[in-house]
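Written out below as structure tokens is the structure these notes cover.
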Amino acid sequence: MTNYLTHLECSVCGDRHSPHEVQTVCRSCGRSLLARYDLTAAQQSLRKEGFRDQRGGLWKFAPLLPIEQEEHMISLGEVVTPLLPMVTLAKELGIAEILVKEEGYLPTGSFKARGLATGVSKAKELGVKEMCIPSAGNAAGALAAYASRAGMTSHIFIPEDTPVINIKECKAYGARVVLVKGNISDAARAMNEEKKNNPGWFDISTLKEPYRLEGKKTIGYELGEQYDWNLPDVIIYPTGGGTGLIGMWKAFEEMETMGWIGSKRPKMVTAQVDGCAPIVKAFREKKKESEFWSGAETIASGLRVPKAFADYLILDTIYKSAGSAVSVSDQSLIEAVYEIAQKEGLFMCPEGAATYVTLKILTREGFVKPTDRVLLFNTAAGNKYPEVIS
Ligand SMILES: Cc1ncc(COP(=O)(O)O)c(C=O)c1O
């Protein structure tokens, strides 16, 4: 298999690192590393149309992913997730087109499967045996599943009030689960404490290793294909750690470098919740980084991230795309889950519903125009959140 991976590059200082050794963050400045490819060579031998008829989900983009040997690609049957139109609600809001990327169809019922498929596969390729993660819920389930498939061990640190299905699925996959009082930041602290005595553990936290981002990047490649290389005008993404948003942007840059799309980009919008909105606050204050959000609380467990490690990349993407950032109330999420289910037949997770409520606000404010083609995300199957439906 031809693979175009060349090196890892620091997202801040530009230092180069080898992709053939286990890497976490930049050794010079401690920031996130990004996988880089020989896109000139890729452009010469890959055709964008060539992927359309290939079977399989994200692994069909393997030449542009970091795993170098096919035998290390751990798969649980990923699919290209569909774009489902919201017809009734588009009419009600007076918008040309609303599509929902339905990520609940992925293994373990959430988009976290993308990043953990590539992160765990690369870790296996590099000889890692044990991994650890602090998680808001869905990433934990995906890590547990892919680790089990790969014959590796996972240690999961998770808030004790995480949706119960996330805890149960991790246990079912044979992961070691440590319940922590507090939120994902408290879980990370507990994990780092234990990790001191376990130097063999590989920390697979969001953007503290370079390869989960690559799996999330495949959302961008799929969108290229699904929109016939003419991307939507506005993308609204429920943002916690931000891998999907940053990953899509990285894919768009790579696609432009290979001549697959032009320079026009969607406006990238972050949807957060009133109970935890560090990116929204930083955006309003025109800052480059966010501040830690104290007392984070929301039913949208995936959005309870008080400080994203790569907040500077999230904000950079929003600014570069002339995007926006909006927070919504928990009550509006619950109402939206019912409204969308009853008018469109889609059972959204609360994080996904946040993208629809954000769209309503941005339409009212005139940020989204009647002629816009808008993309929303349902990042997990609604069935994973029985607590939200009374
Ligand atoms: C369902 C769901 N949506 C959105 C998010 C936020 O994703 P990201 O960390 O890519 O911003 C999460 C994270 O846990 C999640 O589980």
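Laboratory data are not the source of any read-out in this text; all were calculated from the coordinates shown. None of these values were measured; they are calculated from a predicted model. Every residue, glycine as well, gets a Cβ built from its backbone with ideal geometry; the counts of neighbours run over all protein chains shown.
Remark on region 178-266: ratio of C-alpha radius of gyration to 2.2 N^0.38 Å is 1.43.
Ranking V388, A277, F309 by Cα position along the charge dipole of the chain, where only Lys, Arg, Asp and Glu carry charges on their C-beta atoms, puts F309 farthest toward the positive end. Mean sequence separation of contacting Cα pairs (under 8 Å, at least six apart), scaled by the length of region 1-160, corresponds to a relative contact order of 18 percent.
What shape does the chain have by the C-alpha gyration tensor, where a ≥ b ≥ c are the square roots of the eigenvalues, rounded means a/c under 1.5, and otherwise prolate means a/b greater than b/c and oblate the rest?
rounded
What whole-number volume per residue, in cubic angstrom, does the convex hull of the C-alpha atoms of region 268-332 give? Residue-normalised Cα hull volume stands at 75 Å³.
Excluding K320 itself, what net charge comes from residues whose Cβ is under 11 Å from its Cβ, given Lys and Arg +1 and Asp and Glu -1?
0
Counting Lys +1, Arg +1, Asp -1, Glu -1, what net charge surrounds L126 among other residues with beta carbon under 12 Å of its beta carbon? Summing Lys and Arg as +1 and Asp and Glu as -1 gives -1. Over the residues of the chain, the helix contribution to mean residue ellipticity at 222 nm works out to -11000 deg cm²/dmol, using -39500 (n - 2.57) for each DSSP H run of at least 4. Protection proxy ranking, highest mean first, for peptides 270-283, 19-32, 196-209: 270-283, 196-209, 19-32, where packing is the per-residue count of other beta-carbon atoms within 10 Å, averaged. Normalised by the number of residues in region 310-390, the mean separation of alpha-carbon contacts (under 8 Å, six or more apart) gives a relative contact order of 29 percent.
About its Cα centre, the chain has a charge dipole of approximately 380 debye under the convention of +1 per Lys or Arg Cβ and -1 per Asp or Glu Cβ, with nothing else charged. Centroid-to-centroid, using Cα positions, region 315-390 and region 149-193 are 27 Å apart.
Once you sort the root eigenvalues of the Cα gyration tensor of region 312-359 as a ≥ b ≥ c, which label holds: rounded (a/c under 1.5), prolate (a/b larger than b/c) or oblate (the other case)? Since a/c reaches 1.5 and a/b is larger than b/c, the shape of region 312-359 is classed as prolate. Once the other residues with Cβ under 12 Å from the Cβ of E49 are scored (Lys, Arg +1; Asp, Glu -1), what is the net sum? That sum, taken over residues with Cβ under 12 Å, equals 0.
Please work out the C-alpha center-to-center distance from region 208-242 to region 109-132 and express it in whole Å. When both Cα centres are located, 18 Å separates them. Only the Cβ atoms of Lys and Arg (+1) and of Asp and Glu (-1) were treated as charged; on that basis the dipole of region 126-243 about its Cα centre amounts to roughly 500 debye. With the contact rule set at Cα under 8 Å and sequence spacing of 6 or more, what percent relative contact order holds for the chain? It rounds to 18 percent for the chain. Of all beta bridges that DSSP places with both ends in the chain, some 30 percent have antiparallel geometry. For region 59-74 and region 1-57, what is the separation of their Cα centres, given in Å? If we compute the Cα centre of each part, the gap is 11 Å.
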